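Since the structure comes first, as structure tokens, the remarks are kept for the end.
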């Protein structure tokens, strides 16, 4: 008997990925572009400040040197004053710009350094224009406006741009922090996704390895069973051959003993030689027949063992074929039964639709008759009102009646629109072409809630009203007919 082993099903535990705020790749790209733009702006602000500071250094170096010379500072060191002050200002501006990108917020001392260096440069450049007569009087009496403007432009620009640059850097650092958080969230999300994909791939690989191992074990078991069967058959054949050889050896020994006895008896019993010869021949023939019979039986037993193993294998294959044929026959019977039920249901729906159409035709004729009677009654009432006198009190009655009639017509129009929209929604759902609730309602000039109510009414009517379902089915069949061109959305707006 050949045993088969079922493949082992690996059990894996799926670890949920860590919760990460959802950030799209488009948002991450925008964040990277925004950070690059902000860094370019920061470099631009720092570059402009440095260029303006260097230009101011060159522009004001001569004026400050002359100012120091006039105040008894030797020319050998007088030229150093303006570069030292300007270098201090440039260092403060450059260092603030670099450190602000790392979250640094300048405090009071950097602010004091910037303003002192800027004001000192401005005063040394503008001193001659503020006090042209070299007499300090507190508030300038006779300043030189042109010279004051000329020597104030560069220092004032440097001071104001330095303060504006600090605000620019603060804003850039704040925005970069927001964008960096977005990038961090996106990286965490991508890392979580990669880990989830790696875990899933690992689980699939483990499952495949387990399936392959189970298949290998099953194949090995089948091969081992076949090998054992072959070994047992070979043992049976070897045993039969050994038995046959033993029988042949015994026969030969018996023949030799008989010959020896015959030779011995030949001398003693010459008279009975012929009788002994006949007995010897008969005994030898009998031994040969028995040997051949035993050999034939051994071969038959070996063939029967092989035939039994082959028949068992063929019986299992035949049972598997019969099971497949039974399953196929059951599937075909189920399909035929489903088709028959669908055909019966379609015939029932068509009959219901025909009955509903006849009832609706009768209802339309009844409503038309009632409308004609109502029109005649109203005309009679209006004629009576005109002949009885046109007083103010009586004239209000037709106006009220007209307003009431308008309200009735408006309510009737709304009701018809709702019925048409509900019918259209049911047809679109049946055709699997239904738009969203919002788009469907927009086609009727309504809101999303109104569209959701129409879909709900359509579902309810399809479940409870057989006539409604029959009309919807007929409309769907008409729209799907190849020779008919129609618009799928919406009926009420056509």
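Side notes on the structure shown:
- Inter-label distance for residue 44 and residue 201, nm, one decimal - labels placed 7 Å from Cα along Cα-to-Cβ: 4.3 nm
- Computed E for residue 263/residue 310 - FRET, C-beta separation, R0 41 angstrom, nearest 0.05: 0.20
- Between residue 131 and residue 449, the modelled label-to-label distance comes to 8.0 nm, taking each label 7 Å out from Cα in the direction of the beta carbon.
- Residue order, fewest to most beta carbons within 10 Å, for 46, 480, 291: 480, 291, 46
- The distance separating the Cα centre of the range 303-320 from that of the range 219-269 comes to 29 Å.
- Computed over the range 25-215, the quotient of the alpha carbon radius of gyration and 2.2 N^0.38 Å is 1.76.
- Between residue 177 and residue 337, the contour length at 0.36 nm per residue exceeds the alpha carbon distance by 50.8 nm.
- Neighbour counting of Cβ atoms within 10 Å sorts the residues 462, 124, 80, 336, fewest neighbours leading, into 336, 80, 462, 124.
- R0 of 35 Å, Cβ-Cβ distance residue 283-residue 303: FRET efficiency to nearest 0.05: 0.70
- For residue 112 and residue 153, a Förster radius of 22 Å and the Cβ-Cβ distance give a FRET efficiency of 0.40, rounded to the nearest 0.05.
- Listing 114, 299 from fewest to most neighbouring C-beta atoms within 10 Å gives 299, 114.
Every read-out reported here was derived from the displayed coordinates using simple, explicitly stated rules and does not represent laboratory data. Here the structure is a predicted model, which means the values were calculated and not measured. FYI the Cβ positions are ideal-geometry reconstructions off the backbone, even for glycines, and counts take in every protein chain you see.
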